[in-house]
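Read the structure below first, then the notes.
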Amino acid sequence: MTTSLLYDTEATPTSAPLQTPEIPHANSESSAPIAAPEVVNPTLAEVRNPTGTDALLGAHSADEYTSLMHNVVDALGERFRTTERAASAKDRSGLQAAVDAVDLDTAGVGNTEALREVDALYADNAVWFHHPSYVAHLNCPVAVPAVAAEAMLAAINTSVDTYDQSEVATLMERRLIDWTCGHLGFAGGDGIFTSGGTQSNLQALFLARENVVAGLADHADESERGGSVDAEPRRGGPDLGEPTRRDQLSRLRILATDQAHFSVSRAAFLLGLDAEAVVTVPTDRTGRMDAEALNASLLAIDANDQIPMAVVATAGTTDLGVIDPLETIAEVCSSANVWLHVDAAYGGGLLWAPARAHLLDGISGATSVTIDFHKTFFQPVSSSALLIRDASLFAPTIHHHDYLNPEAEAQAADAEPNQVDKSLQTTRRFDALKLWTTLRARGATEIGSMLDTVCDLAADVRALLEDQADFEVLGASDLSTVLFRFTPVAADQVTCDELVPLIRRVLFRSGRAAIARTVIDDRPWLKLTLLNPDTSIDDITAVLDLVRATGHGILAGRDLEGAADIESAATEGGAA
Ligand SMILES: Cc1ncc(COP(=O)(O)O)c(C=O)c1O
């Protein structure tokens, strides 16, 4: 039976004693129950609050909590109704002065006053991802039920590291992992929620490293015992003799294109691999991994006495928004017996996008997958998951600690499920609740369709730009990025290059539009990342008009905002 304090229509008397269910003995076949001790449930009136403050959330401060939350929510609701700019138009020195002016060492100003203060400092100067002129990075407007769930998980403050800190929350997270594995085609899969794509990618490569090294060690053991060398390691290779772990690490290689997210090379660095560990696999003209070139790179690695630790394919590159050819890459990795990690931080939401799910065909051939629900499933940060095809691949990285997840208990038939076994974090947010609530409130298809909508919008914007003589467009995204440049007839290529960072900066400073910039093949481009299904082609036309007007303004040597300093913008923008 479930009970809900807030939503039950039948009132529950607060003074009713708790039912104390009989708890069966954990390890006994016998059904002799152990009765739980009598629990005295204090009524609200009996709650002790010796500190006499409402600083901490508890029974004594429940009224203060609800009234404070209502105030915050009312104020935010008004901001969502009325916010007119994507970003604060105040300059950074003004913002810095406002931040510095706050005395963090005085006695507190009280809950209400502090919230009023941060509303004026933070909310009033925030970057608003729901605004139609926010088209810069991979930030999305967030699902309303997920935001409500965020408030719930923050107040309850569950930590999904051990079962005894989370109970049903762990079971809910595991159910969502199973659900995601089901959509990936990982029948015996497993996974863990993480703080974001960076962490998911790091953990994937950590798992790859440890499984490959364990495979090599098994292989060496097997050879020493004179056993059959048919029991190949995950990755074959020349006879290793008795290599030290350091020797092995120095030979590991990760294969990825130059469009892979930078978190891949950062992970290689963190994992103690060689400076040369990330091998760049060439791309085709569209920026997708060239599977034949991948094959050739694998052969070269073998020939050089190195060990391919993992291939990283990207399903939705950050700039071009393209998906590497997953099916072919999976075949190459399978026949070479190499770990395939698919970084679907951006493209993972396509799994539930009715018109585009097929773009991820082949993902079931991956060994591990990163999915950021906080990108294309409209979840508040943080909400990411690392999924692995075979649950046993976690084994070489599982650690036990007496105070949390003792090894002896882990062997028991009914061992408590402790997510900390698998996570890089110990204390960890119950982010899964947001996804759970969103699925129950809206259903996966409604959310997936919103991703289809923004991908359609990106295609329309690209077509629009192609029709305009003073804009140049690059590539065709599978997802929702659009790369373009302002190229008026009067400006040469060098000038157009210089305009890119300047236009971004001047627009951002004005607060009227937030767009991004990047560099592809040594050429700077403006970038739109469209993740708001409520943004219309007219909204984007207005942003493009601003880009054009700003570009002309800069060329004419004047500043449209009247305040922004074009010279320093030029210096900073050029350096960016
Ligand atoms: C392809 C890709 N992978 C990984 C990441 C990192 O994700 P996060 O910012 O959630 O750490 C990003 C971020 O943009 C990305 O585009």
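Any read-out appearing in this document is the output of simple, stated calculations on the displayed coordinates, not a laboratory observation. Since the model is a prediction, treat every value here as computed from it, not as a measurement. We place every Cβ from the backbone using ideal geometry, glycine too, and count neighbours over all the protein chains shown.
Scoring Ala291 on the criteria (1) touching a Ser or Thr at 6+ places or on another chain (Cβ under 6 Å); (2) within 16 Å of the ligand (Cβ to nearest atom); (3) farther than 30 Å from Gly443 by Cβ leaves a single failure, condition (2). Here's a check for you: in the range 343-356, which residue that is small (Gly, Ala, Ser) and more than 17 Å from the chain's Cα centre (by Cα) is farthest from the ligand (Cβ to nearest atom)? Within the range 343-356, the match that is farthest from the ligand (Cβ to nearest atom) is Ala355. With respect to Ala114, is the statement that it is small (Gly, Ala, Ser), more than 16 Å from the ligand (Cβ to nearest atom) and touching a residue at least 12 places away in the same chain (Cβ under 8 Å) true? No, not satisfied. Can you say whether Val369 is under 16 Å from the mean Cα position of the chain (by Cα), within 16 Å of the ligand (Cβ to nearest atom) and in contact (Cβ under 8 Å) with a residue 60 or more places away in the chain, as far as the supplied structure shows? So Val369 passes the test. Per the listing Asp402, Asp414, Asp421, Asp431, the residue uniquely charged (D, E, K, R), more than 16 Å from the ligand (Cβ to nearest atom) and closer than 18 Å to Phe193 by Cα is Asp421. For the range 372-388, a tally of residues being within 13 Å of the ligand (Cβ to nearest atom), surrounded by 22 or more Cβ atoms within 10 Å (Cβ to Cβ) and of a type outside the set (D, E, K, R) returns 9. Within the range 299-323, can you find the residues that are away from the ligand (no atom under 16 Å from the Cβ) and crowded, with 24+ Cβ neighbours inside 10 Å? Once the filter is applied, which keeps residues that are away from the ligand (no atom under 16 Å from the Cβ) and crowded, with 24+ Cβ neighbours inside 10 Å, the range 299-323 yields Ile307, Pro308, Met309. Of all residues in the range 272-288, those satisfying the criterion of being within 16 Å of the ligand (Cβ to nearest atom) and among the hydrophobic types (A, V, I, L, M, F, W, C) are Val278, Val281.
State yes or no: is Leu359 closer than 29 Å to Val135 by Cα, in contact with an Asp or Glu (Cβ under 9 Å, 6 or more places away or on another chain) and within 15 Å of the ligand (Cβ to nearest atom)? So Leu359 passes the test.
What number of residues within the range 314-331 are of a type in the set (A, V, I, L, M) and more than 22 Å from the chain's Cα centre (by Cα)? So the answer is 2. Summed over the range 337-364, the residues that are surrounded by fewer than 20 Cβ atoms within 10 Å (Cβ to Cβ), assigned to a helix (DSSP H, G or I) and among the small types (Gly, Ala, Ser) give a count of 2. Within the range 192-214, the set of residues being away from the ligand (no atom under 16 Å from the Cβ) and surrounded by fewer than 21 Cβ atoms within 10 Å (Cβ to Cβ) comprises Glu210, Val213, Ala214. Those helices (runs of 4 or more DSSP H) of the range 81-171 in which 3 or more residues are over 30 Å from Gly448 (Cα atoms) occupy 92-100, 111-121. Note on the range 284-313: among residues that are under 25 Å from the mean Cα position of the chain (by Cα) and in a strand (DSSP E or B), the one that is farthest from Leu393 (Cα to Cα) is Met289.
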